[in-house]
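See below for the structure under consideration.
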Amino acid sequence: MQPDEALSILKQGAAQVISEPELRAKLALGRPLRVKLGVDPTSPDLHLGHAIILRKLRQFQDLGHEAILIIGDFTSMIGDPSGRSATRPQLSREQVAANAETYRAQAFKVLDPARTRLVANGDWFSKMGFEEVIRLNSMVTLQQMLQREDFRNRIDQGHPIHAHEIQYPIMQGWDSVMVQADVELGGTDQLFNILVGRDLQKHEGQPQQVVFVLPILEGLDGSMKMSKSLGNYVGLTEPGPEMFGKLMSISDELMGRYYPLLLGQPLDSAARPLEAKKYLASAIVETYHSRAIAQKTLEEWNARFSEKRLADADLPEFQAEKNDLVSIVVSAYTIAFTLAKSRADARRLIEQGSIQLNGEKLRDPKAVLTLERGQVLRLDKTRAVRIA
């Protein structure tokens, strides 16, 4: 493929490329490029936020380039401070090692193993002596590190910045030197770290990597970055029905973001929101499981939430401890679905007609109920419980 054609394909969906002329020049070299992505195994699961970048890395692979997936077994013990208002808790080697094993398997749900070089940055950092660490730190200035917006914000707010956190962008940058990266992928929150990699490569006499950053995926709450620690994520290895249910819970507004980022296509403004959401959820389940599982999951969801068949569906059981409707709704979300709903949230759901008992809408937040075993309490479009 000609460089201009490849560049046109690759830059689709990118938030920023530094710079397009540099990337075009590298594409014209006539050899596979070394395209780097670092992931820190700070939790056992990769999620759809990671998948956006993994899919772009797979796109590079499909065009004949080499993916270098760096498992940050050493950097994980520091924790990336990007976007953080406080110091991350440090993980043990044992925790990181266990998480890293799951990352390796999950990444190949998207990447082509034949074109992937898998390395761990502990391979070089664990062998560094203190003299080498001092030399590495001499390549950057404290002023340069404190240009980071998140560091500046923490200083302004009087929050501490520990010395080990300043090491993180230096270590990520050194990874680029060690693998001689031509391109580094990351989310927009990684821009500073990837630029440090360019500086260190220049210091070491290497060609500088192209910075290729992609948009951050909002979590299911529609406000915060998708994150395991925030509980607003969809894991790549979650069962199909769980993935489907989580995606059916997102707001109609959030679909406009998920469609281009996860499916690579715009949301049809004329589509009915419920049907558009089913298509999104089915497509994601098919991508990370199979078409057969996606179809079965859709059929089961339709059966569960069809008014005529809800009574026959396999629903989570719930036993109410109180009899006022607001408390019942809050408890049902918490116990059956581990979702936090405030009493104000519950009242709003009741008043808008979302809460139904055996198909009858309950609109009075002050109502007191006597529930009977076997009754179906519907909480919203995607959740219902059976009274135990």
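Using the Karplus equation 6.51 cos²θ - 1.76 cosθ + 1.60 (θ = phi - 60°), what ³J(HN,Hα) coupling, rounded to whole Hz, does each residue of segment 372-388 give in order, writing x for Gly and Pro?
Rounded to whole hertz, the list is 10, 4, x, 5, 9, 10, 8, 9, 6, 5, 10, 9, 8, 10, 10, 5, 8.
Can you tell me which of 94, 20, 204 moves the most in a GNM of the chain? Springs connect C-alpha atoms under 10 Å apart.
Among 94, 20, 204, the largest mean-square fluctuation in the Gaussian network model of the chain belongs to 94.
Please calculate how many Å² of accessible area segment 99-255 carries per residue, with a 1.4 Å probe and no DNA, RNA or ligand atoms counted. Please report the intermediate quantities before stating the final value.
On the way: 7050 Å² over 157 residues.
Each residue of segment 99-255 exposes 45 Å² on average to a 1.4 Å probe.
How much accessible area per residue does segment 331-388 have, in Å², with a 1.4 Å probe? Before the final figure, lay out the partial values.
Details: 3310 Å² over 58 residues.
Here the residues of segment 331-388 average 57 Å² of exposed surface.
Could you sort 159-167, 115-123, 264-272 so that the peptide with the highest average Cβ count within 10 Å comes first and the rest follow in order? All intermediate terms of the calculation are to be shown ahead of the outcome.
Values: 159-167: 14.4, 115-123: 17.0, 264-272: 10.6.
By packing density, highest mean first, the sequence is 115-123, 159-167, 264-272.
Using only the Cα atoms of segment 169-315, what are the Rg and Dmax in Å?
20.1, 70
Which shape class applies to segment 259-388: rounded if a/c is under 1.5, otherwise prolate when a/b exceeds b/c and oblate if not, where a ≥ b ≥ c are the square roots of the Cα gyration tensor eigenvalues? Present the calculation step by step, with values, prior to reporting the outcome.
Values: a/c = 2.31, a/b = 1.78, b/c = 1.30.
Because a/c hits 1.5 or more and a/b exceeds b/c, segment 259-388 counts as prolate.
So, with a 1.4 angstrom probe, what is the percent of accessible area on segment 91-239 that is carbon and sulfur? Could the numbers behind the result be given before it?
Numbers: 3810 of 7040 Å².
The C+S portion of the solvent-accessible surface of segment 91-239 is 54 percent.
Accessible area, 1.4 Å probe, largest first: how do 278, 225 sort?
From most exposed to least exposed: 225, 278.
Report the residue, chosen from 37, 325, 111, that carries the largest GNM mean-square fluctuation when the chain is represented by alpha-carbon nodes joined by springs under 10 Å.
Comparing 37, 325, 111 in a Gaussian network model of the chain, the most mobile one is 325.
Which of 219, 374, 240 moves the most in a Gaussian network model of the chain with Cα springs under 10 Å?
Comparing 219, 374, 240 in the GNM, the peak value goes to 374.
Counting each DSSP H run of 4 or more residues in the chain as -39500 (n - 2.57), what helix-only mean residue ellipticity at 222 nm follows after dividing by all residues, to the nearest 500 deg cm²/dmol? Could the numbers behind the result be given before it?
Working: 16 runs with 169 residues, N = 388.
Helix contribution divided over all residues of the chain: -13000 deg cm²/dmol.
Over segment 281-388, what percent of the accessible surface lies on carbon and sulfur atoms, probe 1.4 Å?
About 45 percent, which is the carbon plus sulfur part of the accessible surface.
Taking the Cα centre of each part, how many Å lie between segment 349-388 and segment 288-348?
10
If one computes the Cα centroid of segment 186-214 and of segment 220-251, what distance in Å separates the two points?
30
The values are calculated or read from the model by the stated rules, or taken from the named source; none is laboratory data. Please read these numbers as outputs of a predicted model, since none were measured by experiment. Note that each Cβ is placed from the backbone with ideal geometry, even for glycine, and that neighbours are counted across all protein chains shown. Accessible surface is based on the protein model in full, side chains and every heavy atom, while ligands, DNA and RNA are left aside. Shrake-Rupley method; radii C 1.70, N 1.55, O 1.52, S 1.80 Å.
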